[in-house]
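Scroll down for the structure; my scribbles are underneath it.
The values are calculated or read from the model by the stated rules, or taken from the named source; none is laboratory data. What you see is a predicted model, and the numbers here were worked out from it, not measured in a lab. Ideal geometry is used to build each Cβ from the backbone, glycine not excepted, and the neighbour counts take in all protein chains shown.
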Amino acid sequence: MKLLGTHTSPYVRKARLVLLEKNIPHEYVIDPPSEPGSLVLQVNPLGRIPALILDDGFCVFDSSVIADYADTLNDAPVLIPRTDPLARLRVKRWEALADGIMDSAIVVRNESLRAEDKQSQAVLDMHNLAVTHALDYAAQLLGEREWCEGDAITLADLALVSALLYLDLRQAARDWRSAHANLAVWFSRISARPSVIVSNRL
Ligand SMILES: N[C@@H](CCC(=O)N[C@@H](CS)C(=O)NCC(=O)O)C(=O)O
């Protein structure tokens, strides 16, 4: 299978971390949808990354569906709980929280790329505040635990680390580590995992 993406997309990172953590063989192909001739536009009607092309040509999108599918391919590890519906719900809700951070941080990024006189301060404020609130919520939910959910790594950890790495990339001035020491401790442990190190390589 082939994963189409770019290094800057946090959703691509999330999907890639799932494949890497589960040791699922795949080819990672850098394919910005904005480039002429991008394969993304041929396989995903939405023209978005990540797009996972299976060996028979079937294209899986978006990152949550890719994560869900990839998690069914083996049990080592199980990243989305299968037997406990509430544990599963908690993991999916963590994913939604992390995806929401990505969504708002991307709105902020896109807005700030517009000419200054075209930028909406209201949009910037609303989405920056959403990120702040989501980080407060994540820090409180995590507490001093080692993992976001249960006693092992799950999709929740992979989604959250992807969101935080995106903040480091695009909102370096946001000092979330000082505001949330517990998240910082958790982050340094997770970001030392081989999957995250590989996903940082160009
Ligand atoms: N909800 C989608 C969001 C995917 C998305 O918005 N990807 C962005 C990149 S971060 C994209 O492909 N934008 C079009 C572009 O880069 O041209 C997911 O989780 O996969």
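The test for being exposed (fewer than 15 other Cβ atoms within 10 Å of the Cβ), in contact (Cβ under 8 Å) with a residue 60 or more places away in the chain and within 15 Å of the ligand (Cβ to nearest atom) holds for Leu169. Being in contact with a strand residue (DSSP E or B) (Cβ under 6 Å, 6 or more places away or on another chain), within 12 Å of the ligand (Cβ to nearest atom) and part of a loop (DSSP other than H, G, I, E, B), is that true of even one residue in region 26-48? The answer is yes, given that some residue of region 26-48 is in contact with a strand residue (DSSP E or B) (Cβ under 6 Å, 6 or more places away or on another chain), within 12 Å of the ligand (Cβ to nearest atom) and part of a loop (DSSP other than H, G, I, E, B).
When the residues of region 3-23 are narrowed to those that are more than 10 Å from the ligand (Cβ to nearest atom) and surrounded by 17 or more Cβ atoms within 10 Å (Cβ to Cβ), which ends up farthest from Ile80 (Cα to Cα)? Among residues in region 3-23 that are more than 10 Å from the ligand (Cβ to nearest atom) and surrounded by 17 or more Cβ atoms within 10 Å (Cβ to Cβ), the one farthest from Ile80 (Cα to Cα) is Leu3. With respect to Arg13, determine if the residue is touching a Phe, Trp or Tyr at 6+ places or on another chain (Cβ under 9 Å), in contact (Cβ under 8 Å) with a residue 60 or more places away in the chain and not assigned by TED's automatic domain parsing to the domain that holds Ala159. Yes, satisfied. In region 50-63, is there at least one residue being of a type in the set (Asp, Glu), touching a residue at least 24 places away in the same chain (Cβ under 8 Å) and away from the ligand (no atom under 15 Å from the Cβ)? Within region 50-63, one or more residues are of a type in the set (Asp, Glu), touching a residue at least 24 places away in the same chain (Cβ under 8 Å) and away from the ligand (no atom under 15 Å from the Cβ).
Here is the figure for region 59-85: residues that are in a loop (DSSP other than H, G, I, E, B) and within 22 Å of Thr6 (Cβ to Cβ) total 2.
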